[in-house]
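Input: a single structure, listed below in structure tokens.
The values are calculated or read from the model by the stated rules, or taken from the named source; none is laboratory data. These numbers come from a predicted model, not from an experiment. Positions of Cβ are backbone-derived with ideal geometry, glycine not excepted, and every protein chain shown enters the neighbour counts. Surface areas here come from the heavy atoms of the whole protein model, side chains and all, with no ligands, DNA or RNA. Shrake-Rupley method; radii C 1.70, N 1.55, O 1.52, S 1.80 Å.
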Amino acid sequence: MLDIKSIRKDFPILTQQVNGKPLVYFDNAATAQKPKVVEDAIIKYYETINANIHRGVHTLSQLATDAYEEARAKIQNHINAKHNHEIIFTAGTTFSINLVANGFGSLLKAGDEVVISALEHHSNIVPWQFACERSGATLKVIPMNEHGELIMEEYDKLLNENTKVVAVSHISNALGTINPIREIIKKAHQFGAAVLIDGAQATPHIRPDVVELDCDFYVFSGHKVCGPTGTGILYGKEEWLNKLPPYQGGGEMIKTVTFEKTTYACLPHKFEAGTPNIAGGIVLGHAIDYLNGIGFDNIAAYEHELLEYGTKRLLEIEGLKIIGTAQEKTSVISFNIEGIHPYDIGVIVDKLGVAVRTGHHCTQPIMDFFGIPGTVRASFSFYNTKEEIDILVEAVKKAKMMLS
Ligand SMILES: *Cc1c(COP(=O)(O)O)cnc(C)c1O
């Protein structure tokens, strides 16, 4: 059992008042709050070892390089990657997907097919549209049912010898659906397609094992796992990272440069042009340590409890409909109240101190599927409590009364 009271003490922001009310932070699917150890690590980096990495022979540069590479090894270990050069530091999920999709833009050709799903975030749609436009490949979409679950029989029909890439989310940010990625990966591999898993929404709740999953790419954002903004990870199997062309040119990613020809550095440096977010990468390692200290099994079990409690309590409100009722879900509840715009609910509950997300959640195709302009989304983290859910329910009741 988690000691939530003591965990909450690790997060200074949670003691704040917003609009004169205690903050209830239920926008965790957009970004997670940061524990004090993460904040302290940022300051400590700048106060003790700040220097550019991989370049200087001087002591600080060595210390910064060691800390950065230690963070890489930590993340390798965390997701069980075979090699540490399969871990590429990026600016986030969006950057990671663009890096991979841009590379495939030069590998794909007319007649090839890219498969995504109806549950994708815009950042796992648009980069693939770019890649298809450039190469002449075709984009196909795995449809979903009214619960927000992917229809696997339809996926089977989409796969063929022309399928070169399958890119799907591990967990949907808008609905919380956990996708059957093991099965998706296995089936794609039967046709030789590469599989990218968008783990942005999974990594705060689950510790992925990329070898066991056998995915070719797995990407996530630092800021959603209690780490700093502007950090992210691209895991790629060595053979695929070697096949992909570099994304950005510049310092650090080269072996030799002349005006006639440049040769590229080996992995991971080939994909890490320029001075990276050194502090961010190092501190992301601290954030992962913090989460492992709490334990992902504990996190998942407790968040599931919050999901069940929140679902039950919110459904007590007459006219409230939950969008996304998959069998397998994480602690995300998207909902609407008949006749009321989600934005209006968001504004009123904010006045009562409750932070929820409203709108399309960067998933317009999902909103179109359900024929709605958006939803109110409450997403729970391990530092949230049932008492906070009660406050949300009261706030939504009040909003409903004022708006209907
Ligand atoms: C948040 C999110 C993204 C985008 O992540 P950024 O950190 O904004 O780059 C992509 N996919 C999913 C499923 C997400 O939840």
* Asked: Calculated FRET efficiency, Thr48 and Asp289, Cβ-Cβ r, R0 22 Å, to nearest 0.05?
  -> 0.75
* Structure fact -> DSSP beta bridges in the chain: the antiparallel percent, rounded to 5, is 60
* Accessible surface, 1.4 Å probe, highest first, among residues His58, His286 -> His58, His286
* Accessible carbon and sulfur surface of the stretch 49-293 relative to its total accessible area, %, 1.4 Å -> 53
* Spin-label proximity, Tyr309 to the stretch 1-43 - amide N less than 13 Å from point 7 Å beyond Cα toward beta carbon -> 2-5
* Structure fact -> Restricting to lysines and to Cα separations under 27 Å from Lys398, and discarding same-chain partners fewer than 8 apart, the set is Lys21, Lys312, Lys321, Lys351, Lys386
* Amide proton proximity set for Lys329, modelled H, under 5 Å, gap of 5+ -> Ile178
* Asked: To the nearest 10 Å², what's Asp209's accessible area with a 1.4 Å probe?
  -> 50
* For Met401, Met1, Met152, what's the largest-to-smallest order of accessible area, 1.4 Å probe? -> Met1, Met401, Met152
* **the stretch 25-150: Cα Rg divided by the 2.2 N^0.38 Å rule of thumb** => 1.44
* Asked: Long-range amide H contacts for Val195: which residues qualify at under 5 Å (H placed 1.01 Å from N, peptide plane, sequence gap of 5 or more or a different chain)?
  -> Val166, Asp216, Phe217
* To do: Kindly provide the helix-only [θ] at 222 nm of the chain, computed as the sum of -39,500 (n - 2.57) over DSSP H runs of four or more divided by all residues, to the nearest 500 deg cm²/dmol?
  => -12000 deg cm²/dmol
* Asked: For Asp66 and Gln327 in the same chain, what is the full-extension length gain: residue separation times 0.36 nm, less their Cα-Cα distance, in nm?
  -> 89.6 nm
* To do: Enter the accessible area per residue of the stretch 49-293 (Å², integer; probe 1.4 Å; all protein chains in place).
  => 39
* Angle, helix 386-403 long axis vs. longest principal axis of the chain, Cα atoms, 0 to 90°, nearest 10? -> 70
* Could you tell me the largest-minus-smallest coordinate of the C-alpha atoms of the stretch 81-195 on each of the three principal axes, in descending order and whole angstroms? => 37, 31, 27
* Expressed as an acute angle from 0 to 90° and rounded to the nearest 10, what is the orientation of the C-alpha long axis of helix 93-107 relative to the principal long axis of the chain? -> 50
* Accessible-area order (highest first, 1.4 angstrom probe) of the listed residues Cys266, Cys132, Cys362 -> Cys266, Cys362, Cys132
* Please give the solvent-accessible surface of Val37 in Å², to the nearest 10, using a probe radius of 1.4 Å with every protein chain present. => 80
* Asked: Given a Förster distance of 56 angstrom, what is the FRET efficiency for Ser6 paired with Arg134, based on the Cβ-Cβ distance and rounded to 0.05?
  -> 0.60
* Asked: Rounded to a whole number of µm²/s, how large is the Stokes-Einstein D of the stretch 49-293 at 10 °C and 1.306 mPa s, given Rh as the Kirkwood radius over C-alpha pairs?
  -> 86
* **Sequence-distant residues sharing a close amide H with Lys140 (under 5 Å, placed H)** => Val114, Val115, Ile116
